[in-house]
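Encoded as structure tokens, the structure appears first; notes follow it.
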């Protein structure tokens, strides 16, 4: 795990938005059970929306292909349609991969509900949530900085 805390937190708008959201989620959902439910709901909403967009794009592509077969006389429009179709094919492929990853994550995340802790441990979650939420040098925040900016997670790695 990366633990170099000498780095200052990033001040870009994306990172600042993440910090606010990170802190809000810890403050509003400070128990294990709440975090489990929150993460499950987030995954399900992401999967639902990505699946629906994929279905819609596939329907549009099917309709576009039918129209292209019916209208072979306009070559300029066909070239434009082919370019749009190539982009759509790439996006559809990416979304199919994304959905496959989300299904894999879902299968793994189902296991988080196997973990149950006694009330005394839930109280420890609540106690520590107050310390974590405002910490600007939280390693998870710094790690996400690197992900948001597409840099390696480890220091001195080029």
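Observations on the structure shown:
- Answer from 59, 124 - the residue that is assigned to a helix (DSSP H, G or I), modelled with pLDDT of 70 or more and surrounded by 11 or more Cβ atoms within 10 Å (Cβ to Cβ): 124
- Across segment 88-102, a minimum of one residue is classified as assigned to a helix (DSSP H, G or I) and modelled with pLDDT under 85.
- Answer residue from segment 22-43, given it is closer than 15 Å to residue 105 by Cα and free of Cβ contacts under 8 Å to residues at least 12 places away in the same chain and is surrounded by the fewest Cβ atoms within 10 Å (Cβ to Cβ) among those: 41
The values are calculated or read from the model by the stated rules, or taken from the named source; none is laboratory data. Keep in mind that this is a model prediction, so the values were computed, not measured. Every residue, glycine among them, receives a Cβ derived from its backbone with ideal geometry; neighbour counts consider all protein chains shown.
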